[in-house]
Amino acid sequence: MDCGQQYPVDRIIYVCETCGGLLDVCHDFDAARISRELFDQRLGSLQTPYRSGVWRYKELVYPAVPDDQIVSRPEGNTNLYHSPTLAKWAGVKTLYLKHEGENPTGSFKDRGMTGGLTQARVLGVQRVACASTGNTSASLAAYAAFAGIEGIVFFQNRQIALGKLAQAVAYGATCIQVNADFDRNMTLVREVADTLGIYVLNSVNPFRLEGQKTIIIETLQQLRWQVPDWIVVPGGNLGNSSAFGKALHELHELGLIDRLPRLAIVQAEGANPLYRSYEHGLNGLEPVHAETIATAIKIGNPVNYAKAVRALRWTDGVVEQVSDQEIMDAKALIDRQGIGCEPASACSLAGTAKLVSKGIIRQGETVVGILTGHILKDPEATIQYHSGTLADIESAYSNALHQAEPSLEAISQILETRQAVS
Ligand SMILES: *Cc1c(COP(=O)(O)O)cnc(C)c1O
């Protein structure tokens, strides 16, 4: 990542032999060709691969790859919602929510997987694998099936959101539930891959992060290249945070944006190793045992720590933590707007509100929060919140289900006496 050692693009390697750090994809950008106009011309294109919200920016993602090798659903082209109601609730003038749950399999992981499976095809590998809290598996399973490559996914032993498990099974991946948590599975998948010659598609894979950079690029394009003050993102394994830092750094170097927004990474209190490190000046990571209702970020030993620190330094970024209570309340508010997201995504709104209350984000500033996953990924968490059955969580914004006999009288009674949802 920063020792300067380089490897050819067709070599399968995840960790630098010199410094032990993760690798970056280094581009030799064709600066003369790259422009806002080029990307704007491709908006609304029906042409493959440019109709994808990842490959529209091919010159920034993987310039040299032949178009016929690209594995694309296509992904991206997700909505950027302007929400005055949620802005007011969080205490800022302008809040946008970029909904990455609107990708083909319902999470931002698809933007990474199109990069990862494309590279798998370039390399000619037969099998790809990942450890996952759920969404990476769902995405890998779908993209591997689409590419005709065998997908193998390692699930943890507890708390897998139902929507994600169902997807991986249905898309035909070899699904292995390992009796261990995510962090142990992450090490295991790397061991297994090295020994059995399987290509790893976790976010240790730098081609995934190249695809995820486009969350930022597409957001900026949707904002007509006007840079917001803040970008707020949930942090688990910190792949997304790392990709965001790289995207912003490159866009700035290429002159596509004239200043950098500040990055705010938000973790769950029960899975907060980056937050703890931030409190101590970002001088190293101490893994934690992770527990949170936001299963997508239930990660105690994030592999992309060093790259995330780099992203924070590039963007004068900050790290915040929020409780499960704050996450579920923020989720209920996002859901009630008709937008909806899975628990981890709600860190963006909960974290924004917290940073405003601390005076770090100022009231007049413009914030883009990233919603990382779809509301249907984790129906159990939603139903339990609204029925008030989550342990240690108060359902302040619950919308209780009514039971009725099939009669006009019973229905009228409910409609006349219920508390209208505000
Ligand atoms: C993977 C995931 C995250 C965490 O992203 P990292 O890149 O691991 O930090 C957050 N939310 C959802 C819904 C995810 O699927």
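Amide H of Ser323 versus every other amide H placed in the peptide plane: which residues, excluding those fewer than 5 positions away on the same chain, fall under 5 Å?
Glu269
Short version: ³J(HN,Hα) in whole Hz for each residue of the range 293-306, in order, from phi by Karplus 6.51 cos²θ - 1.76 cosθ + 1.60 (θ = phi - 60°), x for Gly and Pro, what are they?
5, 7, 4, 5, 10, 7, 9, x, 9, x, 5, 9, 3, 4
Would you list the P(r) distribution for the range 348-414, with all Cα-Cα distances sorted into 5 Å bins from 0 and each bin expressed as a whole %?
For the range 348-414, the pair-distance distribution reads 3, 13, 13, 13, 16, 15, 11, 6, 5, 4, 2.
Quick one: if you stick a label point 7 Å off each Cα along the C-beta vector at Arg36 and Val169, how many nm between them?
My value for the distance between the label points is 4.9 nm.
For Lys88, which lysines qualify as cross-link partners when the Cα separation must be under 23 Å and same-chain residues fewer than eight apart are set aside?
Lys98, Lys331, Lys354, Lys358
What is the set of long-range amide H partners of Val318 at a cut-off below 5 Å, with H atoms built 1.01 Å from backbone N?
Counting only residues 5 or more places away or on other chains, the set is Leu263, Ala264, Ile265.
Peptides 340-348, 151-159: what's the order by average Cβ count within 10 Å, highest mean first?
By packing density, highest mean first, the sequence is 340-348, 151-159.
Assigning unit charges at the beta carbon (Lys, Arg +1; Asp, Glu -1) and nothing else, what dipole magnitude in debye, to the nearest 20, does the range 329-422 show about its Cα centre? Before the final figure, lay out the partial values.
On the way: 7 positive and 11 negative charges, 106 e Å.
Here the range 329-422 has a charge dipole of around 500 debye.
Restricting things to Cα coordinates, could you compute the convex hull volume per residue of the chain in Å³?
154 Å³
Whole-Hz ³J(HN,Hα) for each residue in the range 198-215, computed from phi via Karplus 6.51 cos²θ - 1.76 cosθ + 1.60 with θ = phi - 60°, x for glycine and proline: what do you get?
Values per residue, Gly and Pro as x: 10, 7, 8, 10, 6, 6, 5, 7, x, 6, 5, 5, 4, x, 5, 4, 6, 4 Hz.
Using modelled backbone amide H atoms (1.01 Å from N, in-plane), which distant-in-sequence or interchain residues come within less than 5 Å of Thr366's amide H?
For Thr366, the qualifying residues are Asp229, Trp230.
Hey, got a sec? Which trypsin sites (Lys or Arg not before Pro) in the range 312-406 land in a DSSP loop and have at most 11 other Cβ atoms within 10 Å?
Hits after loop and neighbour filter: Lys358.
Mind checking which aspartates and glutamates have their Cα closer than 13 Å to the Cα of Lys93? Skip sequence neighbours fewer than 8 apart in that chain.
Asp229, Glu365
In debye, nearest 20: dipole of the range 226-369 around its Cα centre with unit charges on the Cβ of K, R (+) and D, E (-)?
Once rounded to the nearest 20, the dipole reads 200 debye.
Find which of Tyr81, His252, Leu22 sits farthest along the positive direction of the dipole of the chain, computed with +1 on the beta-carbon of Lys and Arg, -1 on that of Asp and Glu, about the Cα centre.
Towards the positive end, the residue furthest out is His252.
Where does each of Arg127, Arg111, Arg190 land when they are ranked from fewest to most other beta-carbon atoms within 10 angstrom?
In increasing order of surrounding Cβ atoms, one gets Arg127, Arg190, Arg111.
Using each residue's phi in the range 174-191, evaluate 6.51 cos²θ - 1.76 cosθ + 1.60 at θ = phi - 60° and report the 3J(HN,Hα) Karplus result to the nearest Hz, with x for Gly and Pro.
6, 9, 10, 8, 9, 7, 6, 7, 4, 4, 5, 5, 4, 5, 4, 5, 6, 5
With a 10 Å Cβ neighbour count serving as the proxy for reagent exposure, in which order, fewest first, do Met1, Met186 appear?
Placing the least packed residue first, the sequence is Met1, Met186.
Where a number appears in this text, it was derived from the coordinates with a stated rule and is not lab data. None of these values were measured; they are calculated from a predicted model. Cβ coordinates were reconstructed from backbone atoms using ideal geometry, including for glycine residues, and neighbour counts include every protein chain displayed.
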